[in-house]
Amino acid sequence: MKNLGILLSGRGSNFVAIADSIAAGRIPDARIAVVISNRADALGLETARHRGLTALAIPSKGKTREEHDREVVTALHEHKVDLVCLAGYMRLLSPWFVQQFPARILNIHPSLLPAFPGLEAQQQAFAYGVRVSGCTVHLVDEELDHGAIIVQKTVPVLDTDDEHTLADRILEQEHIAYAEAIKIVLEGKFEIVGRRMVKSQKSEVELKK
Ligand code: GAR
């Protein structure tokens with residue numbers, strides 16, 4: 001049984017989708033060990049408590065990035081987390097944090113990376129006028145929205161869309177993509193070659209430069 005640690009800052013719909021995917025058997029042999037937010041008022045934390053999960057607020061205010069990250073990592077270790085899932089966690093992780101979980105941190109981003117990294121990716125894509133956007137689940141490395149891509153889903157931009165309807169349709173695909181990516185990473189039958197995820201029959205992740 002693998003332990004997931006979810007980090008979120010807001011609504012938490014990706015967290016709920018992960019929890020539902022575990023319950024439905026789409027992510028086998030996994031459980032959510034802890035949900036952590038840098039914001040005490042995050043709706044996702046409340047949802048986690050309602051679902052009977054361990055939900056912790058670890059506020060970042062008044063702390064350096066590394067001080068805050070050390071508290072979060074301590075909590076993740078206390079709950080024996082194998083895979084960290086960033087689910088709308090609106091903070092950049094310090095390099096030190098990333099090194100504590102090598103190839104064991106996933107992030108979801110609402111665009112087809114490397115297009116539109118950073119904040120409000122759906123709005124950026126809509127304003128740019130792309131005809132296709134989507135979402136990306138990737139391993140987290142030391143750079144923002146940058147690590148090896150595990151799953152991407154495309155979403156066409158319709159003539160009738162505005163930035164909200166586009167964001168809503170991207171979100172539906174996020175919920176599907178995240179479960180698929182977690183399953184792939186937990187199974188571990190892939191290698192990272194350069195920045196490419198290459199499926200293999202090996203049971204352990206190998207990192208090749
Ligand atoms: C999601 O759209 C997620 O992709 C995005 O924040 C939203 C969180 O929603 N993340 C980023 O933009 C990270 N760069 P949720 O709280 O309902 O899961």
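Laid out as a table, the results:
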item: Single condition ARG31 does not satisfy, out of (1) at pLDDT 95 or above; (2) farther than 18 Å from GLY10 by Cα; (3) part of a helix (DSSP H, G or I); (4) charged (D, E, K, R); result: (3)
item: Strands (runs of 3 or more DSSP E) within the range 82-156 that include 1 or more residues among the basic types (Lys, Arg); result: 149-156
item: Within the range 82-96, tally of residues that are surrounded by fewer than 23 Cβ atoms within 10 Å (Cβ to Cβ) and more than 13 Å from the ligand (Cβ to nearest atom); result: 5
item: Failed item in (1) open to solvent by less than 20 Å² (accessible area, probe 1.4 Å); (2) closer than 30 Å to GLU191 by Cβ, with PRO114 passing the rest; result: (1)
item: Any hit, the range 5-23, residues being farther than 26 Å from ASP168 by Cβ and open to solvent by less than 20 Å² (accessible area, probe 1.4 Å); result: yes
item: Selected residue [surrounded by fewer than 13 Cβ atoms within 10 Å (Cβ to Cβ), closer than 20 Å to ARG26 by Cα, away from the ligand (no atom under 16 Å from the Cβ) and not hydrophobic (A, V, I, L, M, F, W, C)] from LYS199, LYS183, LYS189; result: LYS199
item: Single residue of ARG39, ARG26, ARG11 found to be more than 16 Å from the ligand (Cβ to nearest atom) and among the charged types (D, E, K, R); result: ARG26
item: Filtered residue count, the range 136-166, keeping only those that are open to solvent by 30 Å² or more (accessible area, probe 1.4 Å) and farther than 26 Å from LEU83 by Cβ; result: 8
item: Hey, ILE32 open to solvent by 10 Å² or more (accessible area, probe 1.4 Å), of a type in the set (Val, Ile, Thr) and in contact with a Leu (Cβ under 7 Å, 6 or more places away or on another chain) or not; result: yes
item: Flag if GLY44 is under 19 Å from HIS109 (Cα atoms), over 13 Å from the mean Cα position of the chain (by Cα) and surrounded by 17 or more Cβ atoms within 10 Å (Cβ to Cβ); result: yes
item: Index of the failed condition, SER133 passing every other in (1) polar (S, T, N, Q); (2) within 27 Å of ASP168 (Cα to Cα); (3) open to solvent by 20 Å² or more (accessible area, probe 1.4 Å); result: (3)
item: Top-ranked residue of the range 47-66 - restricted to ones that are part of a helix (DSSP H, G or I) and within 30 Å of ARG169 (Cβ to Cβ), ranked as least open to solvent (accessible area, probe 1.4 Å); result: ALA48
item: Residue under evaluation GLN100, criteria (1) more than 16 Å from the ligand (Cβ to nearest atom); (2) within 23 Å of GLU174 (Cα to Cα); (3) touching a helix residue (DSSP H, G or I) at 6+ places or on another chain (Cβ under 6 Å), criterion not met; result: (2)
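The values are calculated or read from the model by the stated rules, or taken from the named source; none is laboratory data. Given the structure is predicted, the values throughout are model-derived calculations rather than measurements. Note that we place each Cβ from the backbone using ideal geometry, even for glycine, and neighbour counts take in every protein chain shown. Heavy atoms of the whole protein, side chains included, go into the accessibility calculation; ligands, DNA and RNA do not. Shrake-Rupley method; radii C 1.70, N 1.55, O 1.52, S 1.80 Å.
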